[in-house]
């Protein structure tokens, strides 16, 4: 038996070749390996993902602490610096005093109290700007060096444009709380949250594609469709959680598994037209999120139990275990957050683990689509 080593071509690494030749047998295994430039770009995208993850968590803390409406204007370029003098702080505070939140909720607040809520929202916006810089400058450098090929420019450009639109959407959300009601629209808050998840998913998927190139002739795993369906359900459950957060619906019916004395609370279809109950009715929104969360966990457990392990890619096998553990942790955190009437630390962890669960699901989809 004779073994030959053949140099890698592009991103395909060929170890040996199999087939009869003059009575001899040549043996092959063909695997796709990423180029060094692709690894570099993937690491950059994963770093951007980490920043978006931090942005989502910080945004949750900002909302939970009532800090999101403390900055009443939006200056994407000139608003980088915070107030730097007593006069500037007083001027900023006077602008806040004109808002419904100050007049109806925080009328006893002085300028020092105001600083406490201002800094969280300021850091949230500063992190958004940082993400833009961390994305744009390396993108231009990698494009110049040829690490990002010409046919790939549109998808990276789309990521950057989506990031810019996310900033606009964030301000559109904040504006909804500066008119009459000192609370942002649950529709705009959920849209803002899901836009962040979309940007995150795009960058994560491209990074995985660079780290795990597809070998020639690869077919989708038979369970890819089921994995995609489960990922869709996880996403819908997260969306329902956005409406719970936007309406502060987690602060009613703080019992489990029943909602007070009821399995199905009264008045869940009290609004007209009927579809408004799923987005505006606090009891309905919390009930829906409970049901979706339980169904998601049960189907995740069933998915873990039924998924055949014999032909799974190695990374998918680890992902399945991570999916089950993360789903269990998320249910525990959700119940604890509800029973303890939404403490900030637990609620922030619940939002963070939701993103971890989403990440694992996307990871599995990628592994099985290309596996």
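Please give the peptides 79-90, 358-369 ranked by average Cβ packing (other Cβ atoms within 10 Å per residue), highest first, as a rough proxy for protection.
Output ranking for 79-90, 358-369: 358-369, 79-90.
How high is the FRET efficiency between residue 145 and residue 95 when r is their beta carbon distance and R₀ equals 45 Å, given to the nearest 0.05?
Between residue 145 and residue 95 the formula returns 0.50.
Were the residues from residue 73 through residue 85 laid out at 0.36 nm apart, the gain over their Cα-Cα distance would be 2.5 nm. How far is the Cα center of region 184-262 from the Cα center of region 105-139, in Å? Each part reduced to its Cα centre gives a spacing of 25 Å. Over region 218-371, Cα pairs under 8 Å with separation of 6+ residues give a relative contact order of 37 percent. As an exercise, use a Förster radius of 51 Å and the Cβ-Cβ distance of residue 137 and residue 345 to find the FRET efficiency, rounded to the nearest 0.05. According to the calculation, E is roughly 0.90.
Label-to-label distance for residue 302 and residue 264 is 2.0 nm, based on points extended 7 Å past Cα in the beta-carbon direction. In this structure, residue 214 and residue 236 have a Cβ-Cβ separation that, at R0 = 30 Å, corresponds to a calculated FRET efficiency of about 0.60. Subtracting the Cα-Cα distance of residue 274 and residue 336 from 0.36 nm times their residue separation leaves 19.3 nm of extension gain.
Got a sec? How would 145, 220 order by Cβ neighbour count within 10 Å, fewest to most? Provide the component values of the computation, followed by the final result.
Numbers: 145 10, 220 13.
Lowest to highest Cβ neighbour count: 145, 220.
Each of the peptides 189-198, 333-342 was scored by the mean count of other Cβ atoms within 10 Å over its residues; in descending order, highest first, they stand as 189-198, 333-342. Exposure proxy for 44, 205, 274: other Cβ atoms within 10 Å of each Cβ, ordered fewest to most, give 274, 205, 44. The alpha carbon gyration tensor of region 105-182 gives principal lengths a ≥ b ≥ c with a/c of 1.5 or higher and a/b no greater than b/c, which makes the shape oblate. In plain terms, the chain from residue 43 to residue 256 could stretch by 72.5 nm, reckoned as 0.36 nm per residue minus the Cα-Cα distance.
Taking Cα centroids, how far is region 327-371 from region 276-300 in Å? Comparing the Cα centres of region 327-371 and region 276-300, I get a distance of 15 Å.
Look at 95, 109, 203 and count the other Cβ atoms within 10 Å of each Cβ; fewest to most, that gives 95, 109, 203. Quick check on the chain: take the gyration tensor over C-alpha atoms, sort the square-rooted eigenvalues as a ≥ b ≥ c, and tell me if it's rounded (a/c under 1.5), prolate or oblate. Since a/c reaches 1.5 but b/c is at least a/b, the shape of the chain is classed as oblate.
Relative contact order, percent, of the chain when contacts are C-alpha pairs under 8 Å separated by at least 6 residues?
On the way: 420 pairs, mean separation 68.9, N = 371.
Taking the mean separation of contacting Cα pairs over the length of the chain, I get 19 percent.
When the Gaussian network model of the chain links Cα atoms closer than 10 Å, the mean-square fluctuations of 58, 140, 45 top out at 140.
Based solely on its DSSP helices, what 222 nm [θ] is calculated for the chain when runs of n ≥ 4 H residues each add -39,500 (n - 2.57) and the sum is averaged over all residues, nearest 500 deg cm²/dmol? Spell out each step's value before the answer.
Details: 11 runs with 234 residues, N = 371.
Helix contribution divided over all residues of the chain: -22000 deg cm²/dmol.
Computed from the coordinates by the stated procedures, all read-outs in this text should not be read as laboratory data. Quantities reported herein were computed from a predicted structural model and do not represent experimental measurements. As a convention, Cβ positions derive from the backbone with ideal geometry for all residues, glycine included, and neighbour counts pool all protein chains shown.
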